[in-house]
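Chemist: Questions regarding the structure given below will be posed in turn.
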Amino acid sequence: MTDRRAVREGYDELAEAYAAQRSEDETLGTSLVEDLLADLPPDARLLDAGCGGGEPVLTRAGDRAVGIDFSGKQLDLASAAAPAAPLVQGDMAALPFRDGAFDAVTAVHSLIHVPLDDHRRVVDEFARVLRPGGRLLVSEGHGRWRGRNPDWLDSGAAMEWDIAGAEATLDQLRAAGFELRDQWAVADTLADEDAQKPFFLADLRGR
């Protein structure tokens, strides 16, 4: 199972290397994020769960979004990249926000680092902090996979992944009360080999 502490320490160590390579990567699903933001009301509140260094959500959403990440180094980068966005250091499996606090949640390349046993808990937390009818944009991996790279991005730092797969994630979304609106396959050039990651757009059903 993925070690949360190892993931946090890995992102602390390789934060700048990750940010530099992501800034050159045009296949992040950035257009999906921009479409989501354009579709939200001007006063909508958004949570970027696993916000990393602020790309691609916080830099585009500004003070409309709150970012949460458990890597302090990533949050330092996010603060510089998106100074208007409030930032919180915390765990996606226990979000420190009230029920129904947000109109939308994004989780771009973050759920894949959560231990598999906690994936459903994280999805349930997304549902809890969303208002009824709120929207979720989340990326995952196509198939079940768990792995570790001891020198990710040639940074000297290790990274771990725990990917539930598209079908399992869709099942978790439905069980948490989400209704799928759309899905896409988006190339991820930071994967160890050529890969496409599914992105899901879903609405929380009224309660």
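Read-outs: derived from the displayed coordinates by stated rules, not from any lab. If you're wondering where the values come from, they're calculated on a predicted model, not measured in any experiment. Cβ: placed from backbone, ideal geometry, glycine included. Neighbour counts: every protein chain shown.
Chemist: Modelling each spin label as a point 7 Å along the Cα-to-Cβ direction, I'd like the Q21/A84 distance in nm, to one decimal.
Modeler: Rounded to a tenth, the inter-label distance reads 3.1 nm.
Chemist: Per the helix-only calculation at 222 nm, which mean residue ellipticity applies to the chain, given -39500 (n - 2.57) for every DSSP H run of n ≥ 4 and division by its residues, nearest 500 deg cm²/dmol?
Modeler: On the way: 6 runs with 68 residues, N = 207.
Taken over the chain, the calculation gives -10000 deg cm²/dmol.
Chemist: Starting from the 7 Å offset along Cα-to-Cβ, what nm value, one decimal, do you get for the label separation of A94 and D39?
Modeler: 3.3 nm
Chemist: Can you list, largest first and rounded to whole Å, the semi-axes you get for region 4-204 by taking the square root of 5 times each eigenvalue of its Cα gyration tensor?
Modeler: On the way: eigenvalues 107, 76, 51 Å².
Gyration-tensor ellipsoid for region 4-204: 23, 20, 16 Å.
Chemist: Moving on. Work out, step by step, the length gained on full extension between L180 and A6: first 0.36 nm times the residue separation, then minus their alpha carbon distance; give nm to one decimal.
Modeler: Taking 0.36 nm per residue and subtracting the Cα distance, the gain is 59.4 nm.
Chemist: Same structure, new question: Can you find, among I163, G133, T106, the residue sitting farthest towards the positive end of the charge dipole of region 67-207, where Lys and Arg contribute +1 and Asp and Glu -1 at Cβ?
Modeler: G133
Chemist: Can you give the FRET efficiency for R205 and S31, using 1/(1 + (r/R0)^6), R0 = 22 Å, r = Cβ-Cβ distance, to the nearest 0.05?
Modeler: 0.25
Chemist: In nm, to one decimal, how far is the modelled label at A195 from the one at L153, with both set 7 Å along Cα→Cβ?
Modeler: 1.5 nm
Chemist: For the residues S31, S139, what sequence is obtained by ranking on other C-beta atoms within 10 Å, fewest first?
Modeler: S31, S139
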